[in-house]
Amino acid sequence: MERIYISAPITGQEETAEARFRDAEILLRSEGYEPVNPYERNKGYAKWEDAVLADLRLLKGCDGIMLCKGWRMSRGCEIERLFARGMGKEIIFEEMLVLERGGEG
């Protein structure tokens, strides 16, 4: 089973981020992937940069990344996307999975 890292905006969206990551986990499982959720791990870092570095280490061990709605507006998501691309990992867009399932993206 492919391990897919979830990349979604957190900064500025703290009130909704946890639910967004949980929904992304459900979507990935329904598609047969093993979701890797970095959200809980980020809570222990005082500095944004430290959280991003920890996330990149986590992403390194995954087969791919899913970019969630709003990723283009997130500096952290863009860093994760570039890292995944540079490492030759599969890139999945949440909007495409939702549309394929007949939902709204």
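The values are calculated or read from the model by the stated rules, or taken from the named source; none is laboratory data. Everything numeric here is computed off the predicted structure, so don't read it as measured data. Note that we place each Cβ from the backbone using ideal geometry, even for glycine, and neighbour counts take in every protein chain shown.
So here's what we get for this one:
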{"quantity": "Positions within the range 22-50 being modelled with pLDDT of 90 or more, within 14 Å of the chain's Cα centre (by Cα) and assigned to a helix (DSSP H, G or I), in sequence order", "calculated": "22, 23, 24, 25, 26, 27, 28, 29, 39"}
{"quantity": "Residue tally, condition out of contact with any Ser or Thr (no Cβ under 9 Å at 6 or more places or on another chain) and either farther than 18 Å from residue 18 by Cα or of a type in the set (Phe, Trp, Tyr) (or both), over the range 59-72", "calculated": "6"}
{"quantity": "Output for the range 51-71, where each listed residue is in a helix (DSSP H, G or I) and farther than 15 Å from residue 92 by Cβ", "calculated": "51, 52, 53, 54, 55, 56, 57, 58, 60"}
{"quantity": "Cβ-Cβ under 6 Å pairs, at least 6 apart or on other chains, the range 38-52 side among the hydroxyl-bearing types (Ser, Thr, Tyr), far side in a helix (DSSP H, G or I)", "calculated": "39/21; 45/51"}
{"quantity": "Residue check, residue 66 within 15 Å of residue 7 (Cβ to Cβ) and at pLDDT below 95", "calculated": "no"}
{"quantity": "Every pair of residues 6+ apart whose Cβ atoms lie under 8 Å, when the first sits in the range 83-97 and is in contact (Cβ under 8 Å) with a residue 24 or more places away in the chain and part of a loop (DSSP other than H, G, I, E, B) while the second is of a type outside the set (Gly, Ala, Ser) and surrounded by fewer than 13 Cβ atoms within 10 Å (Cβ to Cβ)", "calculated": "87/60"}
